[in-house]
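A.B. asks: One structure coming up, written as structure tokens, with questions to follow.
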Amino acid sequence: MTEQQWLNRLSEALLGGLNRAEGDPHRPGWHIAAPVGLLNDPNGFIQFDGRFRLFYQWNPLACAHGAKAWGQLVSDDLVHWR
């Protein structure tokens, strides 16, 4: 798969997944969750410049182990994450 093909698949997965996630009544309201795909191995929890950051391994293309990237969540209060 070329880099451009991978980026196209990623864009489609993110856009489609975000729309589904917004309407999912079972989506965690207080637990961290990736926007789409598989969130694995949350680590790298740090506080920097007044914000908390949590990094995780992420497969945005499927809920399966395979090619992974890094994801990051940011919080000001450890309750609300983005």
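A.B. asks: Report the local net charge at Gln57: Lys and Arg +1, Asp and Glu -1, summed over other residues whose C-beta lies under 9 Å from its C-beta. Kindly include the intermediate steps, with their values, before the conclusion.
C.D. replies: Values: positive: Lys68; negative: Asp41.
Summing Lys and Arg as +1 and Asp and Glu as -1 gives 0.
A.B. asks: Just the accessible area per residue of the chain, please: how many Å² with a 1.4 Å probe?
C.D. replies: Numbers: 5920 Å² over 82 residues.
In whole numbers, the chain has 72 Å² accessible per residue.
A.B. asks: Taking 0.36 nm per residue of separation and subtracting the Cα-Cα distance, what length does fully extending Asn43 through Ser75 add? Before the final figure, lay out the partial values.
C.D. replies: Details: separation 32, 0.36 × 32 = 11.52 nm, distance 1.46 nm.
The span from Asn43 to Ser75 would gain 10.1 nm if fully extended.
A.B. asks: How tilted is helix 3-22 with respect to the longest principal axis of the chain? Cα atoms for both, answer in degrees (0 to 90, nearest 10).
C.D. replies: 60
A.B. asks: If the only charges are +1 at each Lys and Arg Cβ and -1 at each Asp and Glu Cβ, what is the size of the charge dipole of the range 2-44 around the Cα centre, to the nearest 20 debye? Please report the intermediate quantities before stating the final value.
C.D. replies: On the way: 3 positive and 5 negative charges, 18 e Å.
Dipole magnitude for the range 2-44 comes out near 80 debye.
A.B. asks: Rounded to whole Å and sorted largest first, what semi-axes of the equivalent ellipsoid does the C-alpha gyration tensor of the chain yield via the square root of 5 times each eigenvalue? Walk me through the numbers on the way to the answer.
C.D. replies: On the way: eigenvalues 109, 54, 24 Å².
Value: 23, 16, 11 Å, ordered largest first.
A.B. asks: To the nearest 0.05, what FRET efficiency results for Ala64 and Arg27 with a Förster distance of 22 Å applied to their C-beta separation? Write down the numbers at each step before the final one.
C.D. replies: On the way: r = 19 Å, r/R0 = 0.87.
In this case the efficiency is close to 0.70.
A.B. asks: Only Cα pairs under 8 Å and at least 6 apart count here; give the relative contact order of the chain as a rounded whole percent.
C.D. replies: Working: 112 pairs, mean separation 19.0, N = 82.
Computed value for the chain: 23 percent relative contact order.
The values are calculated or read from the model by the stated rules, or taken from the named source; none is laboratory data. Just so we're clear, the structure is a prediction, and the values are computed from it rather than from any experiment. No Cβ is skipped: glycine too gets one built from the backbone with ideal geometry, and neighbour counts run over all protein chains shown. For the accessible areas, the whole protein counts, side chains as well, though only heavy atoms, and no ligand, DNA or RNA atoms are used. Shrake-Rupley method; radii C 1.70, N 1.55, O 1.52, S 1.80 Å.
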